[in-house]
1. Assuming Ile53 fulfils every condition listed in (1) of a type in the set (A, V, I, L, M, F, W, C); (2) assigned to a loop (DSSP other than H, G, I, E, B); (3) crowded, with 20+ Cβ neighbours inside 10 Å apart from one, which condition is it?
2. Pairs needed: first member in the range 189-200, within 13 Å of Phe171 (Cβ to Cβ) and in the same structural domain as Ser150 (by TED's automatic domain parsing); second member anywhere, assigned to a helix (DSSP H, G or I) and polar (S, T, N, Q); C-beta distance under 8 Å; at least 6 residues apart or different chains.
3. If a residue has to be among the polar types (S, T, N, Q) and closer than 30 Å to Ala360 by Cβ to count, how many in the range 384-439 make the cut?
4. Confirm whether Phe88 is aromatic (Phe, Trp, Tyr), closer than 30 Å to Lys309 by Cβ and modelled with pLDDT of 95 or more.
5. Those residues that are among the aromatic types (Phe, Trp, Tyr), over 10 Å from the mean Cα position of the chain (by Cα) and under 21 Å from Ile93 (Cα atoms), I need them from the range 124-179; list them, please.
6. Can you name every residue in the range 371-407 that is closer than 22 Å to Ser349 by Cα, of a type in the set (Gly, Ala, Ser) and free of Cβ contacts under 8 Å to residues at least 12 places away in the same chain?
7. Consider the range 431-458. How many of its residues are in contact (Cβ under 8 Å) with a residue 60 or more places away in the chain and under 16 Å from Ser421 (Cα atoms)?
8. Return a yes/no flag: does the range 398-406 have any residue that is in contact with a Phe, Trp or Tyr (Cβ under 8 Å, 6 or more places away or on another chain), acidic (Asp, Glu) and over 23 Å from Asp368 (Cα atoms).
Amino acid sequence: MKINLLKKLKNINLEYYLLGLILIFALFLRVYALGSPPMWIDETISAVASKNIIEHGVPVFDSGASYGRAYLFHYLEAFFILFSQSDFNARIISVIFGILTVLFAYFIGKEYSKSGGLISALFMAVFYLEVFYSRQARFYQLFQLMFFLSLFLLYKSKDKKYMIWPALVCFFITINTQVAGLVLVPFFFIHILMYNRKHWYLSIIVLIPAFIHLVSVLAVTSGVDTAVNYISWYSGYTSNIQYLFILLIPGIIWGFFKNKRLTLLIVVPSLMLLFGILFVKLFALRYMYFFVLPMVLYSSLLMAFLYDKYGKWIMLSIIILLIFPSNLIFPYTYVNVIKPIDYNYRDFSAPEINYKTIPAYVVNELKDGKIMTFFSPGVEWYIDSPDYVFPYSMNGIGTDTISYNGKDVYSGAIVTTERPSGEFYFVADNFGLSKLRPSQKDKYDLIVKGCENLYSNRDLAVWHCK
């Protein structure tokens with residue numbers, strides 16, 4: 001019995017052992033201290049939406065507003081929250097999608113090169129943005145995976161016609177997760193007419209989301225001046241990864257000559273969406289995150305092509321590219337995560353509000369009293385549902401983006417700029433405070449005038465008002 005087992009293990013390709021080790025290490029990097037960092041603001045929105053799925057069966061906030069995006073993500077997140085309402089459980093679904101992305105990189109790499117699968121998976125496993133976004137209770141990791149998986153399955157459907165069906169499933173999940181997925185529409189439309197003529201009617205079906213979301217897409221677009229500013233803003237995030245662009249371009253060119261159709265299906269939609277994001281009214285690094293996959297993929301494939309051609313002499317270069325720009329050597333500007341992390345990525349476009357350091361006795365006081373705040377999802381997730389919410393604009397446009405039929409869109413709390421009667425607590429997060437117009441700031445100052453400061457950290461202050 002033992003001899004037969006040993007024979008079977010020997011027959012397993014060494015490549016699968018190495019892939020298994022890469023996936024295990026990728027999992028370790030993503031689950032290490034997963035529940036330690038506080039959630040940034042959008043994470044708490046998703047967490048509250050998923051918690052409400054458990055309570056109501058659908059992602060609807062207490063105000064009655066429906067959260068009609070990323071259904072797959074939020075229902076799966078709700079499944080894990082069902083076992084424990086913790087940051088770890090809220091984030092674990094993104095960890096799973098992150099591991100699947102590493103595995104997916106392996107399969108794409110294998111389409112190009114014998115060694116391309118392992119090398120692509122290795123660099124995807126440790127690339128810092130892949131690690132950070134796989135540790136968030138937010139759906140950007142799902143969007144990246146579904147965006148490129150839909151294109152990969154579409155590519156496969158030329159020879160394996162049945163693949164068009166899972167490709168379409170991923171296509172619609174992509175669009176539901178992020179409306180930016182609409183950039184896939186023309187590629188599905190053309191590919192179906194060219195290679196899936198038997199199912200020509202599907203080319204009409206893929207046009208439906210474009211008509212449904214056309215107005216919402218136009219509503220978030222901006223002018224050329226904004227795009228020019230965004231180029232400089234986004235480039236500020238690339239100082240530590242500029243060497244990857246040097247590897248990326250020859251990697252794409254070499255990849256094109258090895259597999260033209262797959263390269264075009266991955267690169268062209270990516271560049272179109274990358275260009276389109278420059279014209280979105282709001283700036284955020286997370287909007288560009290999807291592009292990490294082709295960037296890491298083709299820079300890794302260049303090393304794989306060189307390894308296939310020149311053999312073990314290239315191995316030293318691969319090790320240097322893996323270790324030298326890692327957090328073992330550069331603790332602040334690293335590109336690869338080799339040593340596990342226990343904090344969030346420092347991204348000003350993804351503000352963090354740390355409720356986790358509020359002392360237990362203050363939290364208990366807050367739970368027993370009336371709470372007023374700016375940003376309610378964080379308060380609801382870490383403390384309790386607030387009673388009052390001070391209106392402000394989350395995106396800086398206008399003066400109020402949180403009201404829904406006179407209530408706070410997330411918690412259903414009363415929206416007011418007046419001081420509540422009686423004793424209450426004001427949990428004033430700096431994110432909301434920074435969004436107030438001068439006249440709103442004056443009203444806030446009147447509310448907390450004469451109140452006792454129970455606790456403060458760099459993200460918030462807790463006022464006790466009598």
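1. Answer for Ile53: the failing condition is (2).
2. Taking only residues 6 or more apart or on different chains, the pairs are Phe189/Ser203; Ile192/Ser203.
3. 6
4. So Phe88 does not fit the description; no.
5. Phe127, Tyr128, Phe147, Phe148, Phe171, Phe172
6. Hit for the range 371-407 is Gly398, nothing else.
7. 1
8. yes
The values are calculated or read from the model by the stated rules, or taken from the named source; none is laboratory data. As the structure is a prediction and not an experimental result, all values here were calculated from the model. Please note: Cβ atoms are built from the backbone with ideal geometry, for glycine as well, and neighbour counts cover all protein chains shown.
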